[in-house]
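Structure first, commentary second.
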Amino acid sequence: MVPKGPRGEKRSADAVSRAIMVAKIATGEIEDERELSSAAAELGRKGGKKRAENMTPERRKEIAKKAAEKRWSSRSAVVA
């Protein structure tokens, strides 16, 4: 019995076959089968760009600053 992926595609069960497939995807020999082509994914891509276009530079700076503070505060807690 061949295991199936989340969309019903057939996948090999052994680790060696999976490693070979990952290497082929990484080198571009084969295409990764997991592409988002749904309408929701398309709208999501457009939405982020549109949001950035409508945002003022000051607001983008606020969001970036808050994200950087959050990112670096969590790292300093891990390192300390």
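For LYS10, the lysines whose Cα falls under 29 Å of its own Cα, not counting residues fewer than eight places away in the same chain, are LYS24.
Applying 1/(1 + (r/R0)^6) with r as the Cβ-Cβ distance of ALA52 and ILE25 and R0 = 25 angstrom yields a FRET efficiency of 0.25. A probe of 1.4 angstrom, applied to the heavy atoms of all protein chains, finds LYS65 with accessible area near 120 square angstrom.
The values are calculated or read from the model by the stated rules, or taken from the named source; none is laboratory data. All values derive from a computational prediction rather than experimental measurement. A quick note on method: Cβ atoms are made from the backbone with ideal geometry, for glycine too, and the neighbour counts reach across all protein chains shown. Side chains included, ligands, DNA and RNA excluded: accessible areas come from the protein's heavy atoms. Shrake-Rupley method; radii C 1.70, N 1.55, O 1.52, S 1.80 Å.
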